[in-house]
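For reference, the structure discussed in these notes is given below.
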Amino acid sequence: MEVFVSGAVSRFRKPLVLAASAALAAPLALAGPARADTSPYTVTPLKFTVRAGERSCTVDADLYRPAGVDAAHPAPAVLATNGFGGSKSDGSTDAIGKAFAARGYVGLVYSGLGFGRSGCLITLDDPAVDGRAASGLLDFLAGSRAADDGTQADFVTQDGAGDPRVGMIGGSYGGAVQLATAAVDHRVDALVPLITWNDLGYALAPNNTGARQGVSSDTPGVFKWQWTNGFYLMGEGQTLIEASLDPSRFGSLTCLHFAARACETIRLLNSGRYPEDETDRMLAYARSVSPASYLDRVKAPTLLVQGQSDSLFNLNEATATYKTLTARGTTAKMIWQSWGHSGGQVPGELNLSEGNLETSYVGRRVLAWFDRYLRKKDTGTGPAFAYYRSWRSGYGTAGALPALSRAMYLSGDGKLVDNRSEVVRGSRQYNNWPVPTSHSESSLAGLTGLPDRAPYDTKGTYLGWTSAPLTAPVDVVGAPKATLKVVSPKTERVQSSGDASDRLVLFAKVYDVAPDGSQKLVNRLVSPVRVPDVTRPFTVELPGIVHRYEAGHRLRFVIAASDTAYFGNRGIKPVTVVSAPGDTGVLELPVVPAG
């Protein structure tokens, strides 16, 4: 694919833009059409003119009304919108309206601002814009306003005057908008955000060290260029995907369909230079449109569903949201399913194309959530935390997130040992090249239809520490953590320049090494780090995983100089790691009892 780094898109190739939309939108919400209906319903296209920020925007929606639902027999409602690049009409979005209307809920499914036939710019689920637009639709469900054609909704269950009983569900872009809506309108009664973000600053340029809150670090992270530019292409290409004469959908020649600050963020990230004042503004903007900045205003019970196979919004993002909500007293539970933006769907997982709400674990949890908070049934909503296990049928459950419980130490001879006393004194060095020399994934490989090559690291550009063969299975559930110290005199001389791009970049990861020597990078996930200060130890939180390391296998912890899916170091920066029994790196794992 072409990478667009600034200003107006120089060329558009409509087939590529459409392919990007299909590839990215497909997993972003519940996939596919609903099963054969269990009860009839009508579908009515509607338009709404709503206030969103400083503009009035047209919202294109479909109203799903079950048979028999009227003013005398009202029903609770489900509100949903599309994933990025989709619309109310794509199979992943209208499936929500169909599925819940078939189960007796009033459905209102709409195209998000800037997508489909809805107006206004793409503002990245900004609560002041996208959240307020959704609030206008809640007014319709409350019966306090009509659609533009005069259609009224007097058949939605009300909790009070102007207060409809309504839940929201959707994935990715259609997930974050739920939290944005609940932050500005407390009439929302239940949320089910799937595979969405906590902090866009982290999602687009993650830094897995120095987190001050959740996943958010004050040091600018490492640019995830493939995912970010793929979404930029999709957003700017909306004029080809859905032609419209609505002037509110157009920004400027240098930023066609996004809010101007979103384009400024993309341009800065693609520049590869991160002066302190500009990056501070970038991070402030990215977080202002992210749940990380407004979760204290979200009161609606929230069932978070995140995907293990997801290099865009990893499990750490949902964990940060979950911890923040529960710490503030908001009812929240969390499920780690198999699939996310990077694929990973397995038979039996939630998929509306199979009509399996009642038969999939996640589907049953969603129905129970809405039964409890929308139908007000005395229904159990399941454990606080659940996770799909590939090595055993069904889900593991827990009352809390597993804690770090096993420590392993980085020995100077390249071994990963269980006791500090086994550490051998020694030092080893790696170097970076001007081009990437390690590979985790091609984030948008689906655009070409070609398989992705296996992860690799080039000799001399990484360091690895490998354990002895395991004597019993080790089940890791959660985010491992590493404490490291590196020596890099060249970085030390420039890291205080005022430009974050002068600081050292490295990538941490853990492989599963089979007895035959083949290795697997679980879900192709890596942990990018921009080291704040190479003269001090630092901790690295790796991406959360759910994985069994079988008996006879070995763990290999690696730090590498680069990764093809990210921007890397500016300039050549040799790195040395020194180990001694009393002073060495530590890898900690959240291990649960084998089961």
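Report, ordered by the first and then the second residue, all pairs with beta carbons closer than 6 Å, sequence separation of six or more or different chains, a first member in the range 564-581 that is more than 14 Å from SER427 (Cβ to Cβ), and a second member that is part of a strand (DSSP E or B) and among the β-branched types (Val, Ile, Thr).
Listed pairs, sorted by first residue: GLY568/VAL505; ASN569/VAL505.
Restricted to the range 448-478, and to residues that are within 20 Å of GLY595 (Cβ to Cβ) and of a type outside the set (S, T, N, Q), which residue is surrounded by the fewest Cβ atoms within 10 Å (Cβ to Cβ)? If you could, list the steps in order and put the result at the bottom.
Quick first cut of the range 448-478, residues within 20 Å of GLY595 (Cβ to Cβ) only: 470-478.
Now narrow it down to the ones that are of a type outside the set (S, T, N, Q): 470, 472-478.
On the way: LEU470: 15, ALA472: 9, PRO473: 14, VAL474: 20, ASP475: 20, VAL476: 24, VAL477: 22, GLY478: 24.
In this case the residue turns out to be ALA472.
With the requirement that a residue be under 30 Å from the mean Cα position of the chain (by Cα) and of a type in the set (A, V, I, L, M), what does the range 489-513 give you?
Answer for the range 489-513, where residues must be under 30 Å from the mean Cα position of the chain (by Cα) and of a type in the set (A, V, I, L, M): ALA500, LEU504, VAL505, LEU506, ALA508, VAL510, VAL513.
Does the range 205-221 hold any residues that are under 23 Å from ARG273 (Cβ atoms) and either of a type in the set (D, E, K, R) or in a strand (DSSP E or B) (or both), and which are they?
First pass over the range 205-221, keeping only residues under 23 Å from ARG273 (Cβ atoms): 205-210, 216-221.
Correct list: SER216, SER217, ASP218.
From the list PRO347, PRO247, which residue is within 30 Å of ALA445 (Cβ to Cβ) and free of Cβ contacts under 8 Å to residues at least 40 places away in the same chain?
Numbers: PRO247 fails: within 30 Å of ALA445 (Cβ to Cβ).
Residue meeting the stated conditions: PRO347.
TRP197 versus (1) surrounded by fewer than 24 Cβ atoms within 10 Å (Cβ to Cβ); (2) in the same structural domain as ILE96 (by TED's automatic domain parsing): which is the lone unmet condition?
Of (1) surrounded by fewer than 24 Cβ atoms within 10 Å (Cβ to Cβ); (2) in the same structural domain as ILE96 (by TED's automatic domain parsing), only one is false for TRP197: (1).
Of the residues that make up the range 562-569, is at least one β-branched (Val, Ile, Thr), buried (at least 22 other Cβ atoms within 10 Å of the Cβ) and at pLDDT 95 or above? Before the answer, list the steps.
Filtering the range 562-569 for residues β-branched (Val, Ile, Thr) gives 564.
From what's left, buried (at least 22 other Cβ atoms within 10 Å of the Cβ): none.
Within the range 562-569, none of the residues are β-branched (Val, Ile, Thr), buried (at least 22 other Cβ atoms within 10 Å of the Cβ) and at pLDDT 95 or above.
Being more than 30 Å from GLY394 (Cα to Cα) and either at pLDDT below 95 or surrounded by 18 or more Cβ atoms within 10 Å (Cβ to Cβ) (or both) narrows it down to one of ASP502, ASP512, ASP533, so name that one. It would help to see each step written out before you state the result.
Working: ASP512 fails: more than 30 Å from GLY394 (Cα to Cα); ASP533 fails: either at pLDDT below 95 or surrounded by 18 or more Cβ atoms within 10 Å (Cβ to Cβ) (or both).
Exactly one of ASP502, ASP512, ASP533 is more than 30 Å from GLY394 (Cα to Cα) and either at pLDDT below 95 or surrounded by 18 or more Cβ atoms within 10 Å (Cβ to Cβ) (or both), namely ASP502.
With GLN345, GLN337 as the choices, which residue is under 21 Å from the mean Cα position of the chain (by Cα) and assigned to a loop (DSSP other than H, G, I, E, B)?
Values: GLN337 fails: assigned to a loop (DSSP other than H, G, I, E, B).
Exactly one residue qualifies, and that residue is GLN345.
Cβ-Cβ distance below 6 Å, separation of 6 or more or different chains: which pairs start in the range 370-385 with a residue that is in the same structural domain as VAL188 (by TED's automatic domain parsing) and end on one that is in a loop (DSSP other than H, G, I, E, B) and charged (D, E, K, R)?
That search, which allows pairs on different chains as well, returns ASP371/LYS377; LEU374/ARG165.
Every residue, every condition in (1) more than 30 Å from ASN569 (Cα to Cα); (2) among the charged types (D, E, K, R); (3) in contact (Cβ under 8 Å) with a residue 12 or more places away in the chain; (4) assigned to a loop (DSSP other than H, G, I, E, B), yes or no:
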{"residue": "GLY136", "(1), (2), (3), (4)": "yes, no, yes, no"}
{"residue": "GLY167", "(1), (2), (3), (4)": "yes, no, yes, no"}
{"residue": "ALA176", "(1), (2), (3), (4)": "yes, no, yes, no"}
{"residue": "ASN198", "(1), (2), (3), (4)": "no, no, yes, yes"}
{"residue": "TYR202", "(1), (2), (3), (4)": "no, no, yes, no"}
{"residue": "PHE223", "(1), (2), (3), (4)": "no, no, yes, yes"}
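Exactly one condition in (1) surrounded by fewer than 14 Cβ atoms within 10 Å (Cβ to Cβ); (2) within 27 Å of LEU521 (Cβ to Cβ); (3) of a type outside the set (D, E, K, R); (4) out of contact with any Lys or Arg (no Cβ under 9 Å at 6 or more places or on another chain) is not met by SER390; state its number.
The single condition SER390 does not satisfy is (4).
Residues to consider are GLY91, GLY112, GLY136; find the one that is over 24 Å from the mean Cα position of the chain (by Cα) and among the small types (Gly, Ala, Ser). Walk me through it before giving the result.
Working: GLY91 fails: over 24 Å from the mean Cα position of the chain (by Cα); GLY112 fails: over 24 Å from the mean Cα position of the chain (by Cα).
On inspection, the qualifying residue turns out to be GLY136.
List every residue pair whose Cβ atoms lie under 6 Å apart, where the two residues are 6 or more positions apart in sequence or sit on different chains, the first residue falls within the range 261-284 and is assigned by TED's automatic domain parsing to the domain that holds ILE122 and farther than 22 Å from VAL494 by Cα, and the second residue, located anywhere, is surrounded by fewer than 22 Cβ atoms within 10 Å (Cβ to Cβ) and among the charged types (D, E, K, R).
Note: no pairs meet the criteria.
The values are calculated or read from the model by the stated rules, or taken from the named source; none is laboratory data. Being a predicted model, the structure only gives us computed values, none of them experimental. In this analysis, Cβ positions are derived from the backbone assuming ideal geometry, glycine residues included, and neighbour counts consider all displayed protein chains.
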